[in-house]
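Peer 1: Before we start, here is the structure in question, set down as structure tokens.
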Amino acid sequence: MPRIISPSVLSADFGHLADDIAMLDRSEAEWVHIDVMDGVFVPNISFGFPLMPPIRKGTKKVLDTHLMIVNPEKYIERFAKAGADIVTIHLEATDDLHGAIATIKKAGVKAGVSIKPKTPVSAIVPYLNELDLVLIMSVEPGFGGQAFIPASLEKIAQLRALADELGTETIIEVDGGISSHNAHEVFGAGADVLVAGNAVFGAEDPQAEIVKMLNA
């Protein structure tokens, strides 16, 4: 699978959101990452359904929606209808992960599951055959601007080896502390998709920064 960058809208300038989305639409990023936080599963609140339609209208890119919320199965269908192409939920946020994955697929979008830094890769193994994507958090979810946790590289490599062993085509995405300075290590460990927020939107030339990460 080719390398993909998924810039996180959480780090965009919300006073000029349409301009930032238009910039991403012109860029080499293939996905746009949308972080949804509820203030319960993570200690922060971001945004929800009202932001989805204008982002969907502003770009043809894949909308990569990451639900950091409790009981995500209640909201999956609404996010799919609002324009999400991928809905990723947390393994730690639901008591019925198999059922939640089935709900995502029934909604007609790709299914992803994310794991926190302290959750071992082994926890995701029973679900790999059902998933399109696994998102490894390389920081504690809830806030942007955190430093990449080096132990994440081993988790990425473990997951890549497991996916290859099982013969699944699972996309491996990594989120947290990603920049052009460590993108080569993360891609090298086996990641397919890198989420980057501050590194992209805080750069003097965000489109050039995306290219730097892709070519790392």
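Peer 1: Of everything in region 185-200, what is in contact with a helix residue (DSSP H, G or I) (Cβ under 8 Å, 6 or more places away or on another chain) and either closer than 17 Å to Leu162 by Cβ or buried (at least 19 other Cβ atoms within 10 Å of the Cβ) (or both)? Give them in sequence order.
Peer 2: Once the filter is applied, which keeps residues that are in contact with a helix residue (DSSP H, G or I) (Cβ under 8 Å, 6 or more places away or on another chain) and either closer than 17 Å to Leu162 by Cβ or buried (at least 19 other Cβ atoms within 10 Å of the Cβ) (or both), region 185-200 yields Val186, Ala189, Gly190, Ala191, Leu194, Ala196, Gly197, Ala199, Val200.
Peer 1: Could you please let me know if Glu154 is modelled with pLDDT of 95 or more and within 23 Å of Ser27 (Cβ to Cβ)?
Peer 2: No.
Peer 1: Identify all residues within region 31-56 that are modelled with pLDDT of 95 or more and farther than 29 Å from Gly99 by Cα; write none if there are none.
Peer 2: If the condition is that a residue be modelled with pLDDT of 95 or more and farther than 29 Å from Gly99 by Cα, then no residue fits.
Peer 1: Then there is this: Restricting to region 60-80, give me the number of residues that are part of a helix (DSSP H, G or I) and open to solvent by 10 Å² or more (accessible area, probe 1.4 Å).
Peer 2: Qualifying residue count for the region: 5.
Peer 1: A further question on this structure: Tell me, which residue of region 201-216 that is open to solvent by 50 Å² or more (accessible area, probe 1.4 Å) and free of Cβ contacts under 8 Å to residues at least 12 places away in the same chain is nearest to the chain's Cα centre (by Cα)?
Peer 2: Selected residue: Asn215.
Peer 1: Same structure again: Scan region 148-163 and give yes if some residue there is open to solvent by less than 70 Å² (accessible area, probe 1.4 Å), over 18 Å from the mean Cα position of the chain (by Cα) and of a type in the set (Ser, Thr, Tyr), otherwise no.
Peer 2: No, every residue in region 148-163 fails to be open to solvent by less than 70 Å² (accessible area, probe 1.4 Å), over 18 Å from the mean Cα position of the chain (by Cα) and of a type in the set (Ser, Thr, Tyr).
The values are calculated or read from the model by the stated rules, or taken from the named source; none is laboratory data. Given the structure is predicted, the values throughout are model-derived calculations rather than measurements. Cβ atoms come from the backbone with ideal geometry, glycine included; neighbour counts cover every protein chain shown. SASA here: full protein model, heavy atoms, side chains in, ligands and nucleic acids out. Shrake-Rupley method; radii C 1.70, N 1.55, O 1.52, S 1.80 Å.
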